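Below is one structure, written out as structure tokens, with a few remarks after it.
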Amino acid sequence: MQQHTFRNSLLLLLTATIWGTSFVAQSVGMETVNPLVFNGMRSVMAFFFLLIVMLIRMAKKPELRIQIQENRKLHLTGGILCGTLLFAASTIQSYGIKYTTAGKSGFITSFYVVLVPVFALMFGKKVSRIIWFAILLAVAGLYLICINGSFSVNKGDFYTLICAFVFAFHILAIDHYVDRVDGIALSCIQFLTVSVISIVLMILFVRPDFQALFAAWIPLGYAGIFSCGIAYTLQIVAQKGIHPAVASLLMSMESCISVISGWLILQQAMSARELFGCSLMFAAVILADVLPSLFRQNRQSNTSASHQLSETETVG
């Protein structure tokens, strides 16, 4: 069980890595494509990618189709709820960034790392002191990474803060459904919901530039298949068995990884301030998840060894 939890923690870090590197794809793609169109098209790609995965899985495991059909209402309810929350968070973030800087948007959006444990307490989930301390370290690291200069609040910051609240509810919604449904099916319905909402709004408010879409097919493909189709599905699968506060902390590493990927891929310079912020975030993850998991595994192995020794002495 502990190995399963540790593996899921690594999957959440992989999720954060994919999201962090996808900032490069989004920054390139949105130079020519409207944000609503970009989000809509990548969601459509994610849905069809996950639909193919689901069809292959059900062909190999016919019992999976039966399980999903028996819990059809729960899958639909969870997928539509998670999809609506994901669409709302992504859209509000895209609108808010028009009136604020990318750094402030990244910092305020990642504030869900604080909101998730607060809401978790309201739903009866305990949060240990070590996790709270790790959260404080992560927030300090995020501030150093994202904020350069004075911090003032404007209209865009207010919208982005609402986005952080919605992302927090999205994480908690996944935590509620993940033990009761198939994760990939939930993600597939989630992106079908995002796609439908996005296409309706695109028809009503935006005239897509198909030439720009074709020109941005590489960043769109990466954002659609990897950032949405794979990473958001990994989030759903990996959140199983992990406290939502720890999950949010692991996923907040995307800000740290986005800075590192910008340095590696786009040759954007990293300041000493950003390096120190990344170090604080890595320390927070190790403190909240890696060390406790290693201690639990070590304790479990020692207990097993002592049991074997006592059994040997008894036989002797």
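Overview of values
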item: So Y95, is it surrounded by fewer than 22 Cβ atoms within 10 Å (Cβ to Cβ), at pLDDT below 90, farther than 18 Å from L201 by Cβ and not acidic (D, E); result: no
item: Any hit, the range 155-174, residues being assigned to a loop (DSSP other than H, G, I, E, B), among the aromatic types (F, W, Y) and surrounded by fewer than 21 Cβ atoms within 10 Å (Cβ to Cβ); result: no
item: Residues satisfying the stated conditions in the range 114-139, i.e. more than 12 Å from L249 (Cα to Cα) and surrounded by fewer than 17 Cβ atoms within 10 Å (Cβ to Cβ); result: V118, L121, M122, F123, G124, K125, K126, S128, R129, I130
item: Matching entry among L142, L85 (being assigned to a helix (DSSP H, G or I), buried (at least 18 other Cβ atoms within 10 Å of the Cβ) and modelled with pLDDT of 85 or more); result: L85
item: Any hit, the range 187-195, residues being in a helix (DSSP H, G or I), surrounded by 20 or more Cβ atoms within 10 Å (Cβ to Cβ), touching a Leu at 6+ places or on another chain (Cβ under 7 Å) and aromatic (F, W, Y); result: yes
item: Test for G241: is it within 18 Å of I18 (Cβ to Cβ) and of a type outside the set (A, V, I, L, M, F, W, C); result: no
item: R7 being surrounded by fewer than 21 Cβ atoms within 10 Å (Cβ to Cβ), in a helix (DSSP H, G or I), at pLDDT below 85 and not aliphatic (A, V, I, L, M); result: yes
item: Which listed residue is exposed (fewer than 13 other Cβ atoms within 10 Å of the Cβ), at pLDDT 85 or above and out of contact with any strand residue (DSSP E or B) (no Cβ under 6 Å at 6 or more places or on another chain), from L204, L234; result: L204
item: Given (1) modelled with pLDDT under 90; (2) touching a helix residue (DSSP H, G or I) at 6+ places or on another chain (Cβ under 8 Å), number of the condition E31 does not satisfy; result: (2)
item: Residues (of a type in the set (A, V, I, L, M), under 26 Å from V53 (Cα atoms) and in a helix (DSSP H, G or I)) located in the range 234-248; result: L234, I236, V237, A238, A247
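The values are calculated or read from the model by the stated rules, or taken from the named source; none is laboratory data. All of these numbers come straight from a predicted model, not from anything done at the bench. Here the Cβ is made from the backbone with ideal geometry for all residues, glycine too, and neighbour counts use every protein chain on show.
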